[in-house]
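Only the coordinates and a few stated rules stand behind these numbers; no lab work does. Because the structure is a prediction, the values reported are computed rather than measured. Using ideal geometry, Cβ is built from the backbone for each residue, glycine included, and neighbour counts are taken over all protein chains shown.
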Protein chains: 2
Amino acid sequence: LKGLAGTNIASRKKSRMAVVVKAEAAGVGINPDIRKTEEKVVDSVVVSELSKPLTPYCRCWRSGTFPLCDGSHVKHNKATGDNVGPLLVKK
Amino acid sequence: LKGLAGTNIASRKKSRMAVVVKAEAAGVGINPDIRKTEEKVVDSVVVSELSKPLTPYCRCWRSGTFPLCDGSHVKHNKATGDNVGPLLVKK
Ligand code: FES
Ligand code: FES
């Protein structure tokens, strides 16, 4: 019984590892919500049309004002331990 | 024994679900490799310094020429089913 229990624990650990390894190998998308009906989300900034001298653009895919940055990267970084931030476009 | 086996399977399924749910709840970072020693990766484009009329900037965190886009979003989208793409800066 002790041997059996040991096998079950090992098997459970293996199965957990398989899930983690599979997730890393297959890769996980980075955009959960933005314009998911589009095959590829590409945006353009025409710099001559910018009103302010500095405009931050989102690279975390969590902004409520995408493609602009609204500061949501702060919450994302805190929740995940990530280190992403915006692209600042300066005219 | 049948009951015991049933319990083990249920327990293993629960443990797998816990891993998946935990991963979703905690969130997963979107930047695996770029400048991980920096607390927050922020870049600036000074548009008057751009040489070409159109410059694509990476938002997938997979580019070998980050902060520029090198087309790596194509491989990322194919591998994960994601739909991310660059920001095109036009002067
Ligand atoms: S909200 Fe996404 S980078 Fe700031
Ligand atoms: S390589 Fe990252 S968006 Fe193109």
Notebook entry, point to check: If you check B:Leu68 against the conditions, is it loosely packed, with under 15 Cβ neighbours inside 10 Å, more than 7 Å from every other protein chain (Cβ to nearest Cβ), in contact (Cβ under 8 Å) with a residue 12 or more places away in the chain and away from ligand 2 (no atom under 13 Å from the Cβ)?
Noted result: no
Notebook entry, point to check: How about region B:58-91: which of its residues are farther than 21 Å from B:Val28 by Cα and aliphatic (A, V, I, L, M)?
Noted result: B:Leu68, B:Leu87, B:Leu88, B:Val89
Note to self: Conditions first: (1) in contact (Cβ under 8 Å) with a residue 12 or more places away in the chain; (2) within 7 Å of ligand 1 (Cβ to nearest atom); (3) surrounded by fewer than 19 Cβ atoms within 10 Å (Cβ to Cβ); (4) not hydrophobic (A, V, I, L, M, F, W, C). A:Lys90 passes all but one, so which condition is the exception?
What the structure shows: (2)
Item checked: Residue list for region A:48-65, filter: facing chain B (nearest Cβ under 8 Å) and either out of contact with any strand residue (DSSP E or B) (no Cβ under 8 Å at 6 or more places or on another chain) or within 17 Å of B:Val45 (Cβ to Cβ) (or both) -> A:Ser48, A:Tyr57, A:Cys58, A:Arg59
Note to self: Just to be sure I understand, how many residues within region A:42-65 are without any contact (Cβ under 8 Å) to a residue 24 or more places away in the chain and part of a strand (DSSP E or B)?
What the structure shows: 3
